[in-house]
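See below for the structure under consideration.
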Amino acid sequence: MNREASVLELRKQLEIIWDVLVIGGGATGLGIALDSASRGYKTLLLEQSDFAKGTSSRSTKLVHGGVRYLAQGDLFLVMEALRERGIMLKNAPHLTYNQEFIIPVYTIWDTILYTVGLKFYDLLAGHLHIGKSYFINKKKTLVRMPQLVAKGLKGGVVYHDGQFDDSRMALALAQSCVDYGGLVLNYCKVTGLLKNENNKICGVIAKELVSGDEFNLKANLVINATGVFADDVARMDNPESKPVLKPSQGVHIVVDKSFLQSNSAIMIPKTEDGRVLFAIPWYNKVVIGTTDTPLNVISLEPVAQEKEIAFILDTAGKYLIKPPLREDVLSIFAGLRPLAADPDNPHSTKEVSRRHKITLSQSGLLTIIGGKWTTYRQMAEDTIDKGIKSGFLEKRKCMTKTLSLLKLHDNIVDSEYYKYGDLSDGIDILIGKEPELRIPIDCRLPYNRAEIIWICRNEMPVIIEDVLARRTRALVLNAHASSIIAPEVARIMAKELGYDMKWQQEQIESYNELVKNYI
Ligand SMILES: Cc1cc2nc3c(=O)[nH]c(=O)nc-3n(C[C@H](O)[C@H](O)[C@H](O)COP(=O)(O)OP(=O)(O)OC[C@H]3O[C@@H](n4cnc5c(N)ncnc54)[C@H](O)[C@@H]3O)c2cc1C
């Protein structure tokens, strides 16, 4: 992935008609672009900001069937997600993990309910199950989870789900799409839709935000995969179109691993106000969340409310011997769920189905909303199939069920840089030439200069936030430490990508502004 080359390619291809043009570079859009490119369609994806800048880098990082959707009786969603969980773990072994969860139980009724419920969850996964669930007594629960409050504890129900790195997964999808001949471009915003004399959509107007140049790009099928922004794009098609989204904000906090001291994650199925709370080990830290706050304002950079942070801290504090305090929080991140609104109950978000919805407008805009990271592949398959059924594309078979996002040799598994995928041996080569590139830039973060150089050369970053928030996860692992390494990252980026001192200064300032939302 090379951004300069991609822009050049786009300029060269202004006259061609793309088979599929995807608007939005989150999980949904990137999944669709990969599905489309791997079926051999000529595919272009445009993202207004960075890949996964929106919701797709702000998830709980679970590849899961959704225990709570089981409790809500949404069996179809749970079965679909469990199947996709199995596929994702197989196809992206470098970015997904089998994670053990423990539900602490405090009553006999909960012990029976969750033991039986989780057995059913295992059953629904069928041959793609990733580990059996079972009950353990109080003593064993405390051995595995020593920081859990022991008072009143009856035991724990152990089960397995998947865990992943969401924004790195998005980059792996982008890279794979490019491998299959697709073109993906970040910082290129769709500002309007092109229509032919029959009022049918035949392309988009897009602004490349680095140069400021505007292009008219033609396509047989335009797909709106813009998450919480889907209503905005629908209005480009029809200014009268009714909103179909009801965004809801979810917040997570990140704290030191000493608060959990366990390789298992905690799942609290019912907090005092009926939500689910997870505390999950992730990159040597613990991610705790989430909340569910209906919002009317949609932003690419949502900000956590103090009451959401307090709710997470209070709830976690009820279960942990050493309750995390506000000053223990290393990072806070907020994301917006692109939930399909329930027309009968427009103000509720909790009960709205997490299932995806695909619609086709009269002028031919295919829009996909809802869904989950876990089901991105099925969502993509359904969207392209809908494009075929609607006559926009010739029939071709979906390839993604067995399409590996990691094509490299097995010995890469042993590499420290495994998560960077196919080309990551480039990092070892850099270190081989200059061993000092291996030293972490800051001891609080697991990143070195070789990784930053490699990222600049292979992953299309444009601003330092792209490197610190999504290609590495420095911003969410330790927001303050990430601002300490920002000047060094800016220096490396400037050298690699040809920027000057002024650019570095501006980047550091705007990054420090951003960090304020995360601490
Ligand atoms: C708090 C929270 C926790 C979650 N946890 C999990 C979890 O653990 N597991 C799970 O499976 N799912 C989880 N989800 C759900 C999952 O994260 C989302 O379903 C998924 O990321 C949505 O992806 P998306 O591509 O539809 O949206 P987004 O990631 O928001 O992508 C849409 C993109 O479209 C771009 N865009 C918008 N307008 C334009 C335009 N005009 N031109 C070009 N680009 C444009 C935006 O910049 C954005 O990058 C969670 C969601 C939230 C909010």
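The values are calculated or read from the model by the stated rules, or taken from the named source; none is laboratory data. The shown structure was predicted, so the numbers you read here are calculated from the model rather than taken from an experiment. Side chains included, ligands, DNA and RNA excluded: accessible areas come from the protein's heavy atoms. Shrake-Rupley method; radii C 1.70, N 1.55, O 1.52, S 1.80 Å.
Average accessible surface for the stretch 262-402: 46 Å² per residue, computed with a 1.4 Å probe over protein heavy atoms with every protein chain in place. Inter-part distance, the stretch 44-75 to the stretch 280-294, computed on C-alpha centroids, equals 14 Å.
All C-alpha to C-alpha distances of the chain, sorted into 10 Å bins beginning at zero, yield P(r) values of 4, 19, 29, 28, 15, 5, 1, 0 percent in whole numbers. Taking all protein chains together and rolling a 1.4 Å probe, Lys502 ends up with roughly 130 Å² accessible. Computed over protein heavy atoms with a 1.4 Å probe, the accessible surface of the stretch 72-175 works out to 41 Å² per residue. Solvent-accessible area assigned to carbon and sulfur over the stretch 368-510 amounts to 54 percent, based on a 1.4 Å probe. Take the Kirkwood radius over Cα pairs of the stretch 369-519, plug it into Stokes-Einstein at 25 °C and 0.890 mPa s, and you get 137 µm²/s for translational diffusion.
Between Ile16 and Asn238, the contour length at 0.36 nm per residue exceeds the Cα-Cα span by 77.4 nm. When the surface is traced with a 1.4 Å probe over the full set of protein chains, Ile112 keeps roughly 90 Å² accessible. When the accessible area of the stretch 65-174 is computed with all protein chains present and a 1.4 Å probe, what percentage of it is carbon and sulfur? On the stretch 65-174, the fraction of accessible area on carbon and sulfur atoms equals 67 percent.
Of the accessible area of the stretch 18-62, computed with a 1.4 Å probe over protein heavy atoms only, carbon and sulfur atoms account for 45 percent. A 1.4 Å probe run over the stretch 203-260, with the rest of the protein chains in place, finds 38 Å² accessible per residue. Report summary: the helix-based calculation at 222 nm, which adds -39500 (n - 2.57) for every DSSP H run with n ≥ 4 and divides by the residues of the chain, gives -10500 deg cm²/dmol. The candidates Glu496, Glu327, Glu100, Glu308, arranged from most to least accessible area with a 1.4 Å probe in the full protein assembly, appear as Glu327, Glu496, Glu100, Glu308.
Rounded to whole numbers, the Karplus 3J(HN,Hα) couplings from phi for the stretch 7-15 are 5, 4, 4, 5, 4, 5, 9, 4, 8 Hz, using 6.51 cos²θ - 1.76 cosθ + 1.60 with θ = phi - 60°, and x at Gly and Pro.
Can you pick out the pairs among Lys318/Lys401; Lys138/Lys401; Lys246/Lys389; Lys61/Lys502; Lys90/Lys516 whose Cα atoms lie more than 32 Å from each other? Cα-Cα > 32 Å for Lys318/Lys401; Lys138/Lys401; Lys61/Lys502; Lys90/Lys516; rest within.
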